[in-house]
Amino acid sequence: MLIDQPIKPDLTLANISVIRGQKLIIDKVCFSVPAGGICVLQGPNGAGKTSLLRVIAGFLPNSAGVLMLGAHLFSPLKSTLPIWYIGAPYGFHPNLSARKNLVQIATMRGLSLPEEDIFHINDFTEQPIRTLSSGQLQRLALSQLCLQSSNQSPALWLLDEPNSALDSSHCLILETLIEDHIRKGGRVIASAHQTLCKHLSPEIIQLEILK
């Protein structure tokens, strides 16, 4: 007997424009991300990749266009779709240890710490955030993607240059983590100057600096 599976709607950006400081930096961007889909934003520095990710996360207002989840308007701060935004400056408390920051984030979101330390943060878990290198900060930030919940649907990951400052071994760990997330029906929108996942075929969204 076949059991119908619930249809998971696409997340769609329809004619999204963004103005910052009275300058148009993103003009009528359109693309959709299905469950189990990945899009990669590419373009030179200043083309608006980070700003677009922050609009999708609900941190910046868009000047025109709409975000839709299926047939419904998508409001990031009110959506039942879990969202993780990972990007500098990360929002960690500089005087707390790496572990205390991660515990606070887990507690606020009703999640538990991961059973496996795949990004090897135990190497510096008791150090204050202010003493960590850029690579250590990136590994700690990415460890948020491993926080666990028994009842959350696959999340939307918004990743701003997630493999920057990582060594080759941790880039491979990140790649495996993203591939596993996609297989489980999660969504990923990432900005990247270098290859993110060699075994996936993401939709490439090319952004340009507007004149």
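Below, the figures for the structure above:
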item	result
Close pairs from segment 22-50: first among the aromatic types (Phe, Trp, Tyr), partner surrounded by 15 or more Cβ atoms within 10 Å (Cβ to Cβ) and at pLDDT 95 or above, Cβ under 8 Å, at least 6 apart	Phe31/Thr12; Phe31/Leu13; Phe31/Cys39
Residue match in segment 87-105 (condition: small (Gly, Ala, Ser), assigned to a helix (DSSP H, G or I) and at pLDDT 95 or above)	yes
Single residue of segment 1-15 satisfying the filter (at pLDDT 50 or above and in a loop (DSSP other than H, G, I, E, B)) that is nearest to the chain's Cα centre (by Cα)	Asp10
Restricting segment 77-87 to residues that are surrounded by 10 or more Cβ atoms within 10 Å (Cβ to Cβ) and over 14 Å from Ser143 (Cα atoms), the residue that is farthest from the chain's Cα centre (by Cα)	Ser79
Boolean, Ala165 is farther than 22 Å from Pro9 by Cβ, part of a helix (DSSP H, G or I) and either over 16 Å from the mean Cα position of the chain (by Cα) or hydrophobic (A, V, I, L, M, F, W, C) (or both)	no
Positions within segment 151-205 being of a type in the set (Gly, Ala, Ser) and on the phi > 0 side of the Ramachandran plot, in sequence order	Ala165, Gly185
Unmet requirement for Glu126, which otherwise passes all of (1) out of contact with any Ser or Thr (no Cβ under 6 Å at 6 or more places or on another chain); (2) assigned to a loop (DSSP other than H, G, I, E, B)	(1)
Only listed residue being without any contact (Cβ under 8 Å) to a residue 12 or more places away in the chain and under 19 Å from Ala190 (Cα atoms), chosen from Pro82, Pro89	Pro89
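Yes or no, residue by residue, for (1) among the hydrophobic types (A, V, I, L, M, F, W, C); (2) in contact with an Asp or Glu (Cβ under 8 Å, 6 or more places away or on another chain); (3) touching a residue at least 40 places away in the same chain (Cβ under 8 Å); (4) more than 23 Å from Thr107 (Cβ to Cβ):
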residue	(1), (2), (3), (4)
Ser134	no, no, no, yes
Ala141	yes, no, yes, no
Leu145	yes, no, yes, no
Gln148	no, yes, no, no
Pro154	no, no, yes, no
Ser164	no, no, no, yes
Leu172	yes, no, no, yes
Ile204	yes, no, yes, yes
Glu208	no, no, yes, yes
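Residue by residue, here is whether (1) in contact with a Gly (Cβ under 8 Å, 6 or more places away or on another chain); (2) assigned to a strand (DSSP E or B); (3) surrounded by 15 or more Cβ atoms within 10 Å (Cβ to Cβ) holds:
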residue	(1), (2), (3)
Met68	no, yes, yes
Ser75	yes, no, no
Thr107	no, no, no
Gly110	no, no, no
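The values are calculated or read from the model by the stated rules, or taken from the named source; none is laboratory data. Not measured: the values here are computed from a predicted model. Backbone-built Cβ (ideal geometry, glycine too); neighbour counts: all protein chains shown.
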